[in-house]
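Here's the structure we're looking at; comments come further down.
The values are calculated or read from the model by the stated rules, or taken from the named source; none is laboratory data. Please read these numbers as outputs of a predicted model, since none were measured by experiment. Cβ coordinates were reconstructed from backbone atoms using ideal geometry, including for glycine residues, and neighbour counts include every protein chain displayed.
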Ligand SMILES: *Cc1c(COP(=O)(O)O)cnc(C)c1O
């Protein structure tokens, strides 16, 4: 299996007519390029959990997720790479046809355990999973080690150059890590990929080293909800690719870049701003689209 290669990370300048008109510079930190499966923020969020599991001589990483969770696949692939066993606790009954995500996780040797939505949300798990050799990683890699790992994404750019850092948000772990690592004068903004996720601000704050620090959450670019999309979004993703050569995905990064261009159009950023967008990976999320929808 291919190793994660951080030297593949690039910082790509994205030229776009709206940005030119508003005198705004946009660079994209391409962490999607480190690995085809464990791409982007998932590897960064997992790195310290895996280090800790190995140090404590655990044999197995146990984590939770939905049937389409990038975190589940990334965990399975990372564990295979580090010779750890992996168990995925999957929300809901076992479906008749397994999702591409679950099949891929199994191909990396992950053992899947299905639990009811109720038990999943109440964090109830079978007794046998509570084993001294098992190391637990929360849903989406949420937790302080996950945020600390995400902080190290900014070691791959010269962060002092930027006035704003923007990322897409699921659990908020990556956003918290970026806020912790950014200097106080940098404005950090998260674009939520979910509809009406009102507990997000609280969950991000739980992971901050400095509780009082300010950050922005924008809830207006979910396109109907998590993993929902429409032709306005896919048309934008195609035109953004044509202009910049940067591929994005329908769940996370497409919505992030759409939001950045739209916010720029609405004068959200002062002229002269120097933006850094985090490309957090997730391109496999486009696999569910019918062929020909995207040009990349
Ligand atoms: C999982 C994922 C996220 C969400 O990260 P959180 O730390 O859970 O907020 C963002 N972008 C991509 C591409 C992802 O796969």
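Please go through (1) in contact with a helix residue (DSSP H, G or I) (Cβ under 9 Å, 6 or more places away or on another chain); (2) modelled with pLDDT under 95 for residue 276 and return the number of the only condition it doesn't satisfy.
Unmet for residue 276, out of (1) in contact with a helix residue (DSSP H, G or I) (Cβ under 9 Å, 6 or more places away or on another chain); (2) modelled with pLDDT under 95: (2).
Give the number of residues within region 207-226 that are closer than 13 Å to residue 171 by Cβ and free of Cβ contacts under 8 Å to residues at least 12 places away in the same chain.
Residues flagged as closer than 13 Å to residue 171 by Cβ and free of Cβ contacts under 8 Å to residues at least 12 places away in the same chain within region 207-226 amount to 0.
Could you count how many residues in region 9-31 are in contact with a strand residue (DSSP E or B) (Cβ under 8 Å, 6 or more places away or on another chain) and either buried (at least 17 other Cβ atoms within 10 Å of the Cβ) or within 14 Å of residue 155 (Cα to Cα) (or both)?
Looking only at that region, the number is 14.
Find the residue count for region 110-148, including only residues that are without any contact (Cβ under 8 Å) to a residue 24 or more places away in the chain and more than 21 Å from residue 67 (Cα to Cα).
The number of residues fulfilling the criteria is 4.
Is there a residue in region 192-207 that is within 18 Å of residue 31 (Cα to Cα) and within 15 Å of the ligand (Cβ to nearest atom)?
No, region 192-207 contains no residue that is within 18 Å of residue 31 (Cα to Cα) and within 15 Å of the ligand (Cβ to nearest atom).
Considering only residues that are more than 7 Å from the ligand (Cβ to nearest atom) and under 17 Å from residue 205 (Cβ atoms), look in region 168-186 and name the one that is farthest from the chain's Cα centre (by Cα).
Only one residue fits best here, namely 184.
Of 260, 246, which residue is in contact (Cβ under 8 Å) with a residue 12 or more places away in the chain, surrounded by 23 or more Cβ atoms within 10 Å (Cβ to Cβ), closer than 23 Å to residue 41 by Cα and touching a strand residue (DSSP E or B) at 6+ places or on another chain (Cβ under 8 Å)? Quick ask: steps written out before the conclusion?
Details: 246 fails: surrounded by 23 or more Cβ atoms within 10 Å (Cβ to Cβ).
Every option except 260 fails the conditions.
Check off (1) more than 25 Å from residue 46 (Cβ to Cβ); (2) surrounded by fewer than 19 Cβ atoms within 10 Å (Cβ to Cβ); (3) more than 14 Å from the ligand (Cβ to nearest atom) for residue 122 and give me the number that stays unchecked.
(1)
Considering region 43-61 alone, what residues qualify as being modelled with pLDDT of 95 or more and buried (at least 22 other Cβ atoms within 10 Å of the Cβ)?
44, 45, 46, 49, 50, 53, 61
Any residue at all in region 265-282 that's within 14 Å of the ligand (Cβ to nearest atom) and on the phi > 0 side of the Ramachandran plot?
Yes - at least one qualifying residue is present in region 265-282.
Just for region 126-159: of the residues that are more than 16 Å from the ligand (Cβ to nearest atom) and at pLDDT below 95, which one is surrounded by the most Cβ atoms within 10 Å (Cβ to Cβ)?
Top of the filtered list is 129.
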